[in-house]
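To start, the structure under review is shown below, and the notes come after it.
The values are calculated or read from the model by the stated rules, or taken from the named source; none is laboratory data. Only a predicted model underlies this, so the values are computations on that prediction, with no experimental measurement involved. FYI the Cβ positions are ideal-geometry reconstructions off the backbone, even for glycines, and counts take in every protein chain you see.
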Ligand SMILES: Nc1nc2c(ncn2[C@@H]2O[C@H](COP(=O)(O)OP(=O)(O)O)[C@@H](O)[C@H]2O)c(=O)[nH]1
Ligand SMILES: [Mg+2]
(Lines give C-alpha, C1' and ligand atoms only; values in the text may rest on other atoms or scores of the structure.)
(Ligands and ions follow the chains in the order given, each with its own letter.)
Protein backbone atom coordinates (compact mmCIF):
# COMPACT_ATOMS: atom_id res chain seq x y z
CA UNK A 1 0.00 0.00 0.00
CA UNK A 2 2.75 2.36 0.97
CA UNK A 3 4.60 1.70 -2.27
CA UNK A 4 1.42 2.40 -4.25
CA UNK A 5 0.99 5.80 -2.62
CA UNK A 6 4.67 6.47 -2.90
CA UNK A 7 4.54 5.64 -6.59
CA UNK A 8 1.55 7.90 -7.09
CA UNK A 9 3.15 10.71 -5.14
CA UNK A 10 6.32 10.32 -7.10
CA UNK A 11 4.40 10.37 -10.37
CA UNK A 12 2.49 13.54 -9.50
CA UNK A 13 5.63 15.16 -8.19
CA UNK A 14 7.59 14.34 -11.29
CA UNK A 15 4.79 15.80 -13.37
CA UNK A 16 4.96 19.20 -11.78
CA UNK A 17 8.62 19.78 -11.09
CA UNK A 18 11.36 20.50 -13.60
CA UNK A 19 15.06 20.24 -12.87
CA UNK A 20 17.30 22.70 -14.63
CA UNK A 21 21.09 22.53 -14.57
CA UNK A 22 22.98 25.80 -14.60
CA UNK A 23 26.35 25.09 -16.14
CA UNK A 24 29.27 27.10 -17.43
CA UNK A 25 32.90 27.75 -16.60
CA UNK A 26 33.80 29.56 -13.39
CA UNK A 27 33.01 33.29 -13.22
CA UNK A 28 30.47 33.08 -16.03
CA UNK A 29 27.80 34.32 -13.62
CA UNK A 30 25.91 31.13 -12.68
CA UNK A 31 25.45 31.88 -9.00
CA UNK A 32 24.57 35.49 -9.70
CA UNK A 33 21.96 34.25 -12.18
CA UNK A 34 20.52 31.85 -9.62
CA UNK A 35 20.19 34.63 -7.06
CA UNK A 36 18.56 36.89 -9.66
CA UNK A 37 16.09 34.16 -10.58
CA UNK A 38 15.12 33.85 -6.91
CA UNK A 39 14.76 37.61 -6.63
CA UNK A 40 12.63 37.99 -9.79
CA UNK A 41 10.29 35.12 -8.94
CA UNK A 42 10.02 36.11 -5.31
CA UNK A 43 7.10 33.80 -4.55
CA UNK A 44 9.69 31.11 -4.00
CA UNK A 45 9.16 28.55 -1.28
CA UNK A 46 11.86 27.99 1.28
CA UNK A 47 13.99 24.94 0.73
CA UNK A 48 13.01 22.12 3.11
CA UNK A 49 16.06 21.29 5.24
CA UNK A 50 16.04 17.64 4.21
CA UNK A 51 16.55 18.66 0.59
CA UNK A 52 19.51 20.88 1.16
CA UNK A 53 22.53 19.13 -0.26
CA UNK A 54 25.68 20.20 1.53
CA UNK A 55 27.96 19.38 -1.38
CA UNK A 56 30.66 21.95 -1.93
CA UNK A 57 30.05 23.76 -5.18
CA UNK A 58 26.30 23.19 -5.45
CA UNK A 59 23.58 25.78 -4.94
CA UNK A 60 19.88 25.06 -5.28
CA UNK A 61 17.12 27.51 -6.12
CA UNK A 62 13.39 26.83 -6.41
CA UNK A 63 10.99 29.11 -8.19
CA UNK A 64 7.53 29.00 -9.69
CA UNK A 65 7.15 30.40 -13.19
CA UNK A 66 4.47 30.00 -15.86
CA UNK A 67 2.57 27.59 -13.57
CA UNK A 68 5.53 25.27 -13.30
CA UNK A 69 7.85 24.47 -10.43
CA UNK A 70 11.48 24.81 -11.35
CA UNK A 71 14.45 23.58 -9.38
CA UNK A 72 17.76 25.06 -10.46
CA UNK A 73 21.03 23.33 -9.75
CA UNK A 74 24.00 25.67 -9.91
CA UNK A 75 27.07 23.49 -10.12
CA UNK A 76 30.58 24.71 -9.42
CA UNK A 77 32.49 25.48 -12.62
CA UNK A 78 36.08 24.97 -11.54
CA UNK A 79 37.85 22.16 -13.35
CA UNK A 80 38.15 20.13 -10.16
CA UNK A 81 34.39 20.24 -9.61
CA UNK A 82 33.31 19.32 -13.11
CA UNK A 83 33.15 15.61 -12.24
CA UNK A 84 30.31 16.49 -9.85
CA UNK A 85 28.22 17.72 -12.78
CA UNK A 86 27.59 14.27 -14.19
CA UNK A 87 25.73 13.04 -11.12
CA UNK A 88 23.00 15.58 -11.87
CA UNK A 89 22.84 15.09 -15.61
CA UNK A 90 20.62 12.05 -15.46
CA UNK A 91 17.80 13.87 -13.63
CA UNK A 92 17.89 17.15 -15.51
CA UNK A 93 15.04 18.27 -17.76
CA UNK A 94 17.04 21.09 -19.33
CA UNK A 95 20.37 22.91 -19.31
CA UNK A 96 21.16 26.57 -18.94
CA UNK A 97 24.66 27.28 -20.16
CA UNK A 98 26.05 30.62 -18.99
CA UNK A 99 28.78 32.45 -20.88
CA UNK A 100 30.56 35.63 -19.84
CA UNK A 101 29.99 37.65 -23.02
CA UNK A 102 32.39 40.32 -21.78
CA UNK A 103 35.33 37.93 -21.65
CA UNK A 104 36.20 36.69 -25.18
CA UNK A 105 39.55 35.44 -23.83
CA UNK A 106 37.65 32.55 -22.21
CA UNK A 107 35.26 31.73 -25.06
CA UNK A 108 37.43 28.83 -26.17
CA UNK A 109 37.37 27.23 -22.72
CA UNK A 110 33.64 27.84 -22.55
CA UNK A 111 33.08 26.32 -25.98
CA UNK A 112 34.98 23.13 -25.22
CA UNK A 113 33.25 22.67 -21.87
CA UNK A 114 29.87 23.03 -23.60
CA UNK A 115 30.81 20.61 -26.37
CA UNK A 116 31.72 18.04 -23.75
CA UNK A 117 28.36 18.53 -22.07
CA UNK A 118 26.51 18.13 -25.36
CA UNK A 119 28.28 14.87 -26.09
CA UNK A 120 27.33 13.38 -22.74
CA UNK A 121 24.82 10.60 -23.15
CA UNK A 122 23.00 11.33 -19.88
CA UNK A 123 22.04 14.73 -21.28
CA UNK A 124 20.70 13.51 -24.58
CA UNK A 125 17.74 15.54 -25.79
CA UNK A 126 17.86 18.01 -22.89
CA UNK A 127 16.75 21.44 -24.17
CA UNK A 128 19.57 23.97 -24.05
CA UNK A 129 19.37 27.64 -23.18
CA UNK A 130 22.62 29.47 -23.84
CA UNK A 131 22.93 32.79 -22.06
CA UNK A 132 25.31 35.49 -23.28
CA UNK A 133 25.60 37.04 -19.82
CA UNK A 134 26.90 40.40 -18.55
CA UNK A 135 25.21 42.44 -21.26
CA UNK A 136 25.23 45.40 -18.87
CA UNK A 137 28.99 45.71 -19.44
CA UNK A 138 30.06 47.87 -22.36
CA UNK A 139 32.63 45.28 -23.41
CA UNK A 140 30.03 42.52 -23.81
CA UNK A 141 29.68 41.04 -27.27
CA UNK A 142 26.24 40.46 -28.78
CA UNK A 143 24.38 37.19 -28.51
CA UNK A 144 24.76 36.73 -32.28
CA UNK A 145 28.50 37.02 -31.97
CA UNK A 146 28.58 34.50 -29.13
CA UNK A 147 26.51 32.09 -31.22
CA UNK A 148 28.81 32.56 -34.19
CA UNK A 149 31.85 31.96 -32.05
CA UNK A 150 30.48 28.79 -30.49
CA UNK A 151 29.57 27.41 -33.92
CA UNK A 152 27.95 24.37 -32.36
CA UNK A 153 27.56 21.31 -34.52
CA UNK A 154 25.69 19.04 -32.15
CA UNK A 155 22.43 20.92 -31.84
CA UNK A 156 20.43 19.29 -34.64
CA UNK A 157 18.02 17.24 -32.54
CA UNK A 158 17.99 19.50 -29.53
CA UNK A 159 15.64 22.33 -28.67
CA UNK A 160 17.85 25.32 -28.02
CA UNK A 161 17.89 29.09 -27.79
CA UNK A 162 20.47 31.81 -27.38
CA UNK A 163 19.53 34.78 -25.22
CA UNK A 164 21.30 37.99 -24.23
CA UNK A 165 20.99 38.51 -20.48
CA UNK A 166 22.38 40.35 -17.53
CA UNK A 167 22.30 38.51 -14.23
CA UNK A 168 22.94 41.91 -12.64
CA UNK A 169 19.99 43.90 -13.90
CA UNK A 170 17.76 40.99 -14.96
CA UNK A 171 17.65 41.82 -18.65
CA UNK A 172 16.39 38.92 -20.78
CA UNK A 173 15.82 36.54 -17.89
CA UNK A 174 12.01 36.37 -17.88
CA UNK A 175 11.82 35.69 -21.61
CA UNK A 176 14.46 32.98 -21.24
CA UNK A 177 12.58 31.27 -18.40
CA UNK A 178 9.30 31.42 -20.35
CA UNK A 179 10.99 29.68 -23.25
CA UNK A 180 12.52 27.09 -20.94
CA UNK A 181 9.19 26.14 -19.35
CA UNK A 182 7.49 25.96 -22.71
CA UNK A 183 10.07 23.60 -24.23
CA UNK A 184 10.41 21.44 -21.11
CA UNK A 185 6.68 20.86 -21.15
CA UNK A 186 6.78 19.42 -24.64
CA UNK A 187 10.24 17.84 -24.88
CA UNK A 188 10.80 14.15 -25.45
CA UNK A 189 13.31 14.23 -22.63
CA UNK A 190 10.60 15.25 -20.14
CA UNK A 191 8.39 12.49 -21.48
CA UNK A 192 11.18 9.98 -20.93
CA UNK A 193 11.91 11.21 -17.40
CA UNK A 194 8.22 11.01 -16.52
CA UNK A 195 7.93 7.51 -17.91
CA UNK A 196 10.95 6.44 -15.92
CA UNK A 197 9.60 7.93 -12.68
CA UNK A 198 6.26 6.24 -13.30
CA UNK A 199 7.78 2.85 -13.97
CA UNK A 200 10.09 3.03 -10.95
CA UNK A 201 7.18 4.07 -8.76
CA UNK A 202 5.12 1.02 -9.64
CA UNK A 203 7.83 -1.48 -8.88
N1 LIG B 1 28.57 43.20 -14.72
C2 LIG B 1 28.13 41.96 -14.49
N3 LIG B 1 28.81 41.15 -13.67
C4 LIG B 1 28.33 39.92 -13.43
C5 LIG B 1 27.12 39.46 -14.02
N6 LIG B 1 26.90 38.19 -13.61
C7 LIG B 1 27.93 37.89 -12.78
N8 LIG B 1 28.78 38.92 -12.67
C9 LIG B 1 30.02 38.97 -11.87
O10 LIG B 1 30.91 37.96 -12.36
C11 LIG B 1 31.63 37.38 -11.30
C12 LIG B 1 31.37 35.87 -11.28
O13 LIG B 1 30.01 35.64 -10.98
P14 LIG B 1 29.52 34.30 -10.30
O15 LIG B 1 28.03 34.34 -10.26
O16 LIG B 1 30.23 34.07 -9.02
O17 LIG B 1 30.04 33.26 -11.38
P18 LIG B 1 30.01 31.66 -11.32
O19 LIG B 1 31.41 31.23 -10.98
O20 LIG B 1 29.65 31.23 -12.71
O21 LIG B 1 29.00 31.24 -10.31
C22 LIG B 1 31.16 38.07 -10.03
O23 LIG B 1 32.06 39.09 -9.73
C24 LIG B 1 29.81 38.64 -10.42
O25 LIG B 1 29.47 39.78 -9.68
C26 LIG B 1 26.41 40.36 -14.90
O27 LIG B 1 25.36 40.06 -15.47
N28 LIG B 1 26.97 41.59 -15.09
MG1 LIG C 1 29.20 30.05 -8.60
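Annotation: residue 28 fulfils all but one of (1) at pLDDT 90 or above; (2) assigned to a loop (DSSP other than H, G, I, E, B); (3) more than 16 Å from ligand 2 (Cβ to nearest atom); the unmet one is (3). Only a single item in (1) within 16 Å of ligand 2 (Cβ to nearest atom); (2) within 17 Å of residue 17 (Cα to Cα) is not met by residue 196, and it is number (1). Scanning the stretch 115-149 for residues that are surrounded by 19 or more Cβ atoms within 10 Å (Cβ to Cβ), more than 16 Å from ligand 2 (Cβ to nearest atom), outside any loop (DSSP other than H, G, I, E, B) and modelled with pLDDT of 95 or more returns 128, 129, 130, 132, 143, 146.
Condition first: surrounded by 17 or more Cβ atoms within 10 Å (Cβ to Cβ), assigned to a helix (DSSP H, G or I) and within 12 Å of ligand 1 (Cβ to nearest atom). Can you find one or more residues in the stretch 154-177 that meet it? Yes, the stretch 154-177 has at least one match.
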